[in-house]
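A.B. asks: After the structure tokens below, expect a handful of questions from me.
The values are calculated or read from the model by the stated rules, or taken from the named source; none is laboratory data. Being a predicted model, the structure only gives us computed values, none of them experimental. Here the Cβ positions follow ideal geometry from the backbone for every residue, glycine too, while neighbour counts run over all protein chains shown. Calculation scope for accessible area: heavy atoms of the full protein, side chains included, ligands and nucleic acids excluded. Shrake-Rupley method; radii C 1.70, N 1.55, O 1.52, S 1.80 Å.
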Amino acid sequence: MSAVQQGPAVERGGRPARYTAGGGVVLVAALAYLPYLVDTGVTQAMVVFFYLAAMALMWNLLAGYAGLVSVGQQAYVGLGAYAVLQFSNWGVAPFLGVWLAALACAVIALPTSFAAFRLRADYFAVGTWAIAEVYHLLVIQDSSLGGGSGSALTTLSGIDPVLRDAETYWTALAVAAVCVLGCFLLLRGRVGLALTAIRDDETAAGSAGVRVGPAKRTVYLAAAAGCGAAGGVVIVSQLNVAPDSAFSVQWSASMIFIVLLGGIGTLEGPLLGAALFTVVQQYFGADGAWYLIVLGAACVPVAVWLPRGLWGVVARATPLRVFPLARRVRAASPTAAGPGR
Amino acid sequence: MIWVDAVLQGVLVGGLYALFACGLSLMFGVMRIVNLAHGDFAVLAAFLAYSLISASGVNLLYAALLTVPVFAGFGYLVQRGLLNRAISSGPLPPLLATFGLSVVIQNSLLQGYTADSRALDPGRIGTASLRLSGQISLSYLELLILGLAVLVLGGLELYLRRNRTGRMLRAAADDRDAASLVGGDPRHLYGVATAIAFGTLALAGLLFAARSSVAPSSGPSELLFGFEAVVIGGLGSLWGTLLGGIALGIAQNVAGQADPAYTLLAGHLLFLLVLILRPEGLLPRRSVTA
Amino acid sequence: MSALLEVRGLSVRRGQLLALRDLSLAVEAGRVVAVIGANGAGKSTLLEAVAGLLRPERGGVVLDGTEVTALPAHRRLRLGIALVPEGRRLFPSLSVRENLLTGQYRRRPGPWDLPAVYALFPWMADRAAQRASALSGGEQQAVALGRALLANPRVLLLDELSLGLAPAVVATVYRTLPQVVAQGTGVLLVEQDVSLALRRADEVHCLLEGRVELSGSPADLSARQIETAYFGIRRESA
């Protein structure tokens, strides 16, 4: 083999990353202008898309990158919603409360993670669910938050509905955009590299000096914050909250469905899945049980025949990538000989 | 005395939790599948038995004798036709597939039976009870359920230890490829494990409906109780699962005695406490591994 | 005369790599055939493909005239191909006796039963109730061999029996081979310890990069020939 003068270069980003950043800014600006163009029916549907996309991105971060398959993310959706209510009772404006709710969820997630991380692999899933139930039952105990029947977010009811809808829309857009950006930055950084190593082989990554615990905990806290903000958007858009629906396992179910349908382990997949899910929900959601039966039945063939999701199909067929996350190794010298084995 | 009564009632319901949970434990132990539809299948069994009883007028015993083997066969087919395919692409597809089944079952029951809860009539045994003292009496039905749970768990333990197919289930849980090298067809063995899981969950579903009632939406909370029983007891140990179910039942009943609002919370908190203080469970694994 | 086991032009891919290239060999009843070669020469791949754990890209495996190439491992065992895998692969949560009994799950009729294995390894009867994971490496290897024998195989595949074991232990395990072969079983073994393979085998194949580089009976092969084939030293550069 010829002597290598320079080490191989690891590269990524470059032009595609700048395109993504530029395209993202333009897209967000265009979306922000939307309330001036379309009626509230459309913006309300977009709000649903934004909070579902945010939740799905967070679940994808957990399951697709950190290997943490949670069925308990509704804990943070519910806590986020109730945090907005609590802050509002203390006099904080709900649109600001959404961001504080994210912070509060991250703070609550820190001690929670120490309990949840005692469970490995699949049992983590149902363990997080039990934890979510604990938060659910604790919130019901608090009569100042409406107890078992829930409460209305009265501070927003005085505002002009058109303005309120627009502000809700902008908040939802901002939450979704921050989630996308947050995922992107997290995955491009040191944590993302650690997660890739962990995903390949946790033990080997640990012995190679990757700090496995902190990387996973960072993701767990980030996902809690993201789902908390999404939960805050839910209460702001619905103007009331009830414990049984805020802490419903259906939230996790929707996240799982969206991510696996769209394509796990990518950033494009959850966005694609959330868009599809929102459209289907807008058109067929009124059919209640039948809609859910069809949706549930759709999970089964997707699970069996499309394990990489719809984005997996797109990615196989085209070179299209929205987010430049992959690292490429470019050999500095002429390519070395073939594999030795 | 009311506290003694609460503990005894907890022991009785704990047996049922364990009966329900053993299939969950078996499927996880052998195939690493968390069956998110476990509770919903149990509810489905109860509703089918309900229809059978109201259509033909047979009693609960005969309905159970029919439902349990039918569900076992159904479980085998679900595994062979669906889950075996899903496992081959990793741990997430089975989770999604069973989640999809859960949604389908819940909403189909909602369509077919409305959201009301139904109870199965256990007959005369349902009202008779064994009076131990002025304040403590044990319902014969609940004693029967506990006895049945112990019997099934004991039988399953014996099957896994002494029967050649049972032994192969444990072998496949340890090492799937090595099991195929001694002639075990993993797809068939997995089917057998799921058949056992479905048979036991059907029995548990019928007993849940006989002792209180079930609604189309009860599946997920039953799943959670079953799961907690498994973890409290220690993954992979059937007697541990029984102990875990009983501990869960006692925690719920004693806390419920203090204030009904704490019933469920106490169970979840016990689960989390065990998780933090003793993650290997009360009785660490002996047979089917985890 | 057709052999008991025939490997015909087998090519097996492992990921990107073609681990076996058009490999052919035969094992006759009552004979010990050894495959030697450096790490990564394709030895274990060969045994896994014969046992049915890997599917070949081309070529086939024939057992006593029956084509078994399309059959999975558990079906091949029932026809009489048993593998003692590399690293032994005992069932760690099962006892010694239970591990042996799994070998009987789909056994064929034949001379090997639990008493016969206990006669071969007398210590096993005393430690039957112990967990397999509590045994030493050599003891585990013996249990793995016993487990395979209980299926009464017509062809026994042995993958690196000596790996990680003390020479005395290896000798004990290998000393049982004549008794196995005496029953008419054909043995195909893979061994890193070349001198051991040469002492125990009736026929040796040396593998290099997935191909048979050299074949013959140990008596006919010179040390120089084997060294050349083993390390792939080309004549012109030697």
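A.B. asks: Can you compute 3J(HN,Hα) from phi for each residue in segment A:27-32, using the Karplus curve 6.51 cos²θ - 1.76 cosθ + 1.60 with θ = phi - 60°, rounded to whole Hz and x for Gly and Pro?
C.D. replies: Result, ordered by residue: 5, 5, 4, 4, 5, 5 Hz.
A.B. asks: Taking a probe of 1.4 Å, how large is the accessible area per residue of segment C:134-238, in Å²? Present the calculation step by step, with values, prior to reporting the outcome.
C.D. replies: On the way: 4490 Å² over 105 residues.
I get 43 Å² per residue for this part.
A.B. asks: For segment B:212-287 and segment B:71-93, what is the separation of their Cα centres, given in Å?
C.D. replies: Here the two parts' Cα centres lie 27 Å apart.
A.B. asks: Add +1 for every Lys or Arg and -1 for every Asp or Glu among the other residues with Cβ under 14 Å from the Cβ of C:E28, and state the total. Before the final figure, lay out the partial values.
C.D. replies: Values: positive: C:R31, C:R154; negative: C:E6, C:D64, C:D202, C:E203.
Combined, the nearby Lys, Arg, Asp and Glu give -2.
A.B. asks: For chain B, what's the relative contact order in percent, using C-alpha pairs closer than 8 Å and at least 6 residues apart?
C.D. replies: Working: 527 pairs, mean separation 106.0, N = 290.
Result for chain B is 37 percent.
A.B. asks: Using amide H atoms built in the peptide plane, which far-off residues or other-chain residues are under 5 Å from C:R13 H to H?
C.D. replies: C:A19, C:E57
A.B. asks: Right, here's the next one. How long is the gain from A:Y283 to A:V313 if the chain were fully straight, where each residue apart is worth 0.36 nm and the alpha carbon distance is subtracted? Before the final figure, lay out the partial values.
C.D. replies: Numbers: separation 30, 0.36 × 30 = 10.80 nm, distance 2.47 nm.
Taking 0.36 nm per residue and subtracting the Cα distance, the gain is 8.3 nm.
A.B. asks: How large is ³J(HN,Hα), in whole Hz, for each residue of segment B:53-61 in order, when computed from phi with the Karplus curve 6.51 cos²θ - 1.76 cosθ + 1.60 and θ = phi - 60°, using x for Gly and Pro?
C.D. replies: Running phi through 6.51 cos²θ - 1.76 cosθ + 1.60 with θ = phi - 60° gives 5, 6, 7, 10, x, 5, 8, 4, 4 Hz.
A.B. asks: Let me ask another. Compute the helix-to-body angle for A:212-238: its Cα long axis versus the longest principal axis of chain A, expressed 0 to 90° and rounded to tens.
C.D. replies: 30 degrees
A.B. asks: Amide H neighbours of B:S129 under 5 Å, counting only residues 5+ apart in sequence or on other chains, H built in-plane at 1.01 Å?
C.D. replies: Those qualifying (amide H under 5 Å, at least 5 residues apart or on another chain) are B:Y140.
A.B. asks: Same structure again: Please report the relative contact order for segment A:24-114, taking Cα pairs under 8 Å with a sequence separation of at least 6, and give it as a percent rounded to a whole number.
C.D. replies: Details: 34 pairs, mean separation 14.1, N = 91.
Dividing the mean separation by the residue count of segment A:24-114 yields 16 percent.
A.B. asks: A:T171: net charge of surrounding residues, Cβ under 13 Å, Lys/Arg +1, Asp/Glu -1, itself excluded? Can you show the working numbers first?
C.D. replies: Details: positive: A:R164; negative: A:D165, A:E167.
Result for the local shell: -1.
A.B. asks: How big is the shadow of the Cα convex hull of segment C:5-231, averaged over all directions, in nm²? Before the final figure, lay out each step's value.
C.D. replies: Numbers: hull surface 46.8 nm².
For segment C:5-231, the mean projected area of the Cα convex hull comes to 11.7 nm².
A.B. asks: Between the helical axis of B:219-233 and the dominant principal axis of chain B, each derived from Cα atoms, what acute angle in degrees is found, rounded to the nearest 10?
C.D. replies: The helix B:219-233 is inclined about 80 degrees to chain B.
A.B. asks: Give me the net charge of C:P167's neighbourhood, meaning all other residues with Cβ under 15 Å from the Cβ of C:P167; Lys, Arg count +1, Asp, Glu -1. Walk me through the numbers before you get to the answer.
C.D. replies: Numbers: positive: C:R175, C:R199, C:R200; negative: C:E160, C:E191, C:D193.
Overall, the nearby charge balance is 0.
A.B. asks: Still on this model: If you take every DSSP beta bridge fully contained in segment C:101-238, what fraction is antiparallel? Give it as a percent rounded to 5. Please list the in-between numbers first.
C.D. replies: Working: 5 of 10 bridges.
The answer is about 50 percent antiparallel.
A.B. asks: Something else about it: In chain C, once you exclude exposed trypsin sites (Lys or Arg not before Pro) (DSSP loop, at most 15 other Cβ within 10 angstrom), what's the longest stretch remaining?
C.D. replies: Values: sites that count: C:R234, C:R235.
Counting only loop sites that pass the neighbour cut-off, the longest clear stretch is C:1-233.
A.B. asks: Please identify, among C:G137, C:G59, C:G15, the residue showing maximal mean-square fluctuation in a Gaussian network model of chain C using a 10 angstrom Cα cutoff.
C.D. replies: Judging by the Gaussian network model, the answer is C:G15.
A.B. asks: May I pose another question? Using heavy-atom solvent-accessible surface (probe 1.4 Å) with all chains present, what is the largest-first order of C:H74, B:H188?
C.D. replies: So the residues, ranked largest to smallest area, are B:H188, C:H74.
A.B. asks: Report, largest value first, the span of the C-alpha coordinates of segment B:2-277 along each principal axis, in whole Å.
C.D. replies: Computed over segment B:2-277, the largest-to-smallest principal extents equal 62, 48, 33 Å.
A.B. asks: Among DSSP bridges having both ends in the protein assembly as shown, what percentage is antiparallel? Round to the nearest 5. Walk me through the intermediate numbers first.
C.D. replies: On the way: 29 of 47 bridges.
Taking every DSSP beta bridge within the protein assembly as shown, about 60 percent pair in antiparallel fashion.
A.B. asks: Give, rounded to the nearest 20 debye, the magnitude of the charge dipole that the protein assembly as shown has about its Cα centre when Lys and Arg contribute +1 at Cβ and Asp and Glu contribute -1 at Cβ.
C.D. replies: Numbers: 64 positive and 51 negative charges, 392 e Å.
Here the protein assembly as shown has a charge dipole of around 1880 debye.
A.B. asks: Per 10 Å bin, what percent of the C-alpha pairs of the protein assembly as shown does each bin hold, from zero upward?
C.D. replies: 2, 11, 18, 20, 19, 15, 9, 4, 1, 0, 0
A.B. asks: Further question on the same structure: In Å², and per residue, what accessible area does segment C:1-126 have when probed at 1.4 Å with the other protein chains present?
C.D. replies: Working: 4950 Å² over 126 residues.
With the other protein chains kept in place, segment C:1-126 gives 39 Å² per residue.
A.B. asks: How large is the dipole of chain C about the Cα centre if only Lys and Arg carry +1 and Asp and Glu carry -1, each at its Cβ, rounded to the nearest 20 debye? Please report the intermediate quantities before stating the final value.
C.D. replies: Working: 28 positive and 23 negative charges, 125 e Å.
Computed about the Cα centre, the dipole is about 600 debye.
A.B. asks: Which value, in Å², gives the accessible area per residue of segment B:1-129 when a 1.4 Å probe is used on the protein heavy atoms? List each step's numbers first, then the result.
C.D. replies: On the way: 4980 Å² over 129 residues.
For segment B:1-129, the solvent-accessible area averages 39 Å² per residue.
A.B. asks: Please list the non-local residues whose amide H lies under 5 Å from the amide H of B:S137, H modeled 1.01 Å from N, same-chain partners needing a gap of 5 or more.
C.D. replies: Hits under the 5 Å cutoff: B:L132.
A.B. asks: Hey, another quick one. Quick one: helix B:263-277 against the long Cα principal axis of chain B, what's the angle to the nearest 10°, folded into 0 to 90?
C.D. replies: Once rounded, one gets 50 degrees.
A.B. asks: Another question, if that's okay. Of all beta bridges DSSP finds with both residues in chain C, what is the antiparallel percent, to the nearest 5? Could you put the intermediate results ahead of the total?
C.D. replies: Details: 20 of 38 bridges.
Antiparallel bridges make up about 55 percent of those DSSP assigns within chain C.
A.B. asks: Sticking with this one: At a probe size of 1.4 Å, how large is the accessible area of B:W239, to the nearest 10 Å²?
C.D. replies: Number for this one is 80 Å².
A.B. asks: Sum -39500 (n - 2.57) across every DSSP H segment of at least 4 residues in the protein assembly as shown, then divide by the residue count to get the 222 nm mean residue ellipticity, nearest 500. Show your work: numbers first, answer last.
C.D. replies: Values: 36 runs with 523 residues, N = 869.
Calculated from helices alone, the mean residue ellipticity at 222 nm is -19500 deg cm²/dmol.
A.B. asks: Moving on to the next point. Pairs of Cα atoms under 8 Å, at least six residues apart: use those to get the relative contact order of chain A, whole percent. Walk me through the numbers on the way to the answer.
C.D. replies: Working: 486 pairs, mean separation 116.1, N = 341.
About 34 percent, as a whole number.
A.B. asks: Next up: How big a patch of accessible area, both sides summed and in Å² to the nearest 100, lies buried between B and A at a 1.4 Å probe?
C.D. replies: On the way: alone 13260 and 17390 Å², together 27070 Å².
By this definition, chains B and A bury close to 3600 Å².
A.B. asks: Here is a further query. Could you please state how large a percent of the accessible area of the protein assembly as shown is carbon and sulfur, counting protein chains only and using a 1.4 Å probe? List each step's numbers first, then the result.
C.D. replies: Details: 21490 of 35740 Å².
For the protein assembly as shown, the apolar C and S fraction of the accessible surface comes to 60 percent.
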